[in-house]
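Quick notes on the structure that follows.
The values are calculated or read from the model by the stated rules, or taken from the named source; none is laboratory data. Remember, predicted model here, so these are calculated numbers, not experimental data. Just the protein is used for accessible areas: all its heavy atoms, side chains included, with ligands, DNA and RNA removed. Shrake-Rupley method; radii C 1.70, N 1.55, O 1.52, S 1.80 Å.
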Amino acid sequence: MKSLQRNRRGVRAIGRSVTRLTLTALAVIQISGCATTPTAGVSLLPERRGGAIRAFDAKRPVVALVLSGGSARGFAHIGVIRVLEQMGIEPDLIVGTSAGSIVGAGYAAGMTANQLQDAAKRFDKSLFMDIAFSNFGLPFIPNELGLIRGERLQRFVDDLVTHRPIESLPRRLAITATDLQSGKTMLFTHGNAGLAVRASSSVPGLFTPPKIGGRLYVDGQVSSPLPVVAARTLGADIVIAVDATYPPDHADVTNALGVLFQSFMIAGNQIKNREVAAADLVIRPEIKRSGQLGFDDCDWLIASGQTAALTKKQELLQLLKP
């Protein structure tokens, strides 16, 4: 009995450690690994029904809204969407990675900025606590590929889009993820939206990479933190990109985890900067706070996105002028 109690205490302790690790790693969702040339590695997943994206209106330029990763900073995307609504701007295509894929899925499903903000308040750490236990009752045994399954996040997104596949959503949507074996940026343009977002948000080593079509996928930020090239690949003429990623100078390098985090940020920033050059307009929410942000910061992060978009209002009008 004492042995059983010790084991239970051990499992609870591990659970608490996983909780802390999860919150830390969610701030590291911009993990960018060792990708080298994102422009060369964008691939479309095989389409079951015709073209990769529904046909665009050939009479006018195709406008794409690109939403970056950034963990909790991704809430700022909602503020940008609010300003676009107020201006009467509706993109023809939404391309999202990691945190941006979550907001992008809801927006593509027809949700307004207010509805997205309400949904964001239901988004908390419990969605990331479906811990991957082995047969021995302990997480992270070597035969596991991650600490967290990600199934709760998948269900949350499935509910958000009312269980419709990507190709049936009112707005065209593409979600990026990274093929773990090839390192290529892959675009989900059809199929289960929740599963695509789960793949796009699967931080390597923390989340179990979902297997889709016999391939394992991890966080889209590993190969494309700001998927501008993906939007161009899909036919976008005008790209409005929202960059909510962590800047390297916001890192805390006073401990080993901070050093690891900073290394990821530097690598990701190098990839992102190459994609920024391919955008027509980049909106960068001013998020002054450094360190890790949590789900409780939702409202002011949304406000920061709204403020940033408003400062670009004239540029948006000029860019989209008939």
Reachable lysines, given that their alpha-carbon falls under 28 Å from the alpha-carbon of Lys313 and they are not under 8 places away in the same chain: Lys59, Lys121, Lys272, Lys288, Lys321
Subtracting the Cα-Cα distance from 0.36 nm times the residue separation, let me have the gained length for Gln86 to Thr254 in nm, one decimal. 56.2 nm
Rg and Dmax in Å for the range 159-257, alpha carbons only: what are they? 15.0, 47
So what are the three principal axis dimensions of the range 58-208 from its Cα atoms, in whole Å, longest to shortest? 58, 35, 25
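Quick one: accessible area per residue over the range 56-100, 1.4 Å probe, rounded to a whole number of Å²?
Each residue of the range 56-100 exposes 27 Å² on average to a 1.4 Å probe.
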